[in-house]
Amino acid sequence: MKTLVLGSGVSLAAAAAQAAVRPKTTPFLPGTNTTILLVTEGGTGAFAVKVQGSDDGVAYTDLLTVTTQGPAVLKDVTVQAWMRLNVTAAGTAGTVSAYLLGGP
């Protein structure tokens, strides 16, 4: 299985969008279906994490939102031209990682 990292070990204690990734290789070409894997570790407080996609790198749409510490989350999505991990509300501790999964 191939992976594309959107963010790894990102702090949940600070609200910040990660640098957008521009998927350009198979199996992550824009318009193809893939799966997001989002993992929070040690998350406390009222955090909010989003995986977002954009066609132009300016206006982003929420593809997945997680607001509680829990097991890993998987969600099928369509790859956008730009993808990013965004901590939109800071908690008090913990980290988050997000990946696109695809291929054999």
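Any read-out appearing in this document is the output of simple, stated calculations on the displayed coordinates, not a laboratory observation. Since the structure is predicted, the reported quantities are computational estimates derived from the model, not experimental observations. FYI the Cβ positions are ideal-geometry reconstructions off the backbone, even for glycines, and counts take in every protein chain you see.
Phi angles across segment 47-62 convert, under the Karplus curve 6.51 cos²θ - 1.76 cosθ + 1.60 with θ = phi - 60°, into 3J(HN,Hα) values of 8, 9, 10, 10, 9, 10, x, 8, 8, 10, x, 10, 9, 10, 10, 6 Hz, Gly and Pro given as x.
Across segment 15-31, coupling constants 3J(HN,Hα) worked out from phi with the 6.51/-1.76/1.60 Karplus curve, θ = phi - 60°, read 6, 6, 7, 7, 4, 5, 9, 10, x, 9, 10, 5, x, 10, 6, x, x Hz, and Gly and Pro carry x.
With R₀ fixed at 25 Å, the C-beta to C-beta distance from ALA14 to ASP76 puts the FRET efficiency at about 0.30.
Sequence-ordered 3J(HN,Hα) estimates for segment 80-96 from the Karplus curve with 6.51, -1.76 and 1.60 and θ = phi - 60° stand at 9, 4, 10, 9, 8, 9, 9, 8, 8, 9, 7, x, 10, 6, x, 9, 9 Hz, glycine and proline given as x. Considering only alpha-carbon pairs that sit under 8 angstrom and 6 or more positions apart, the relative contact order computed for the chain is 49 percent. Taking amide H as placed 1.01 Å from N in the peptide plane, ALA93 has its amide H under 5 Å from the amide H of THR44, each at least 5 places away in sequence or on another chain.
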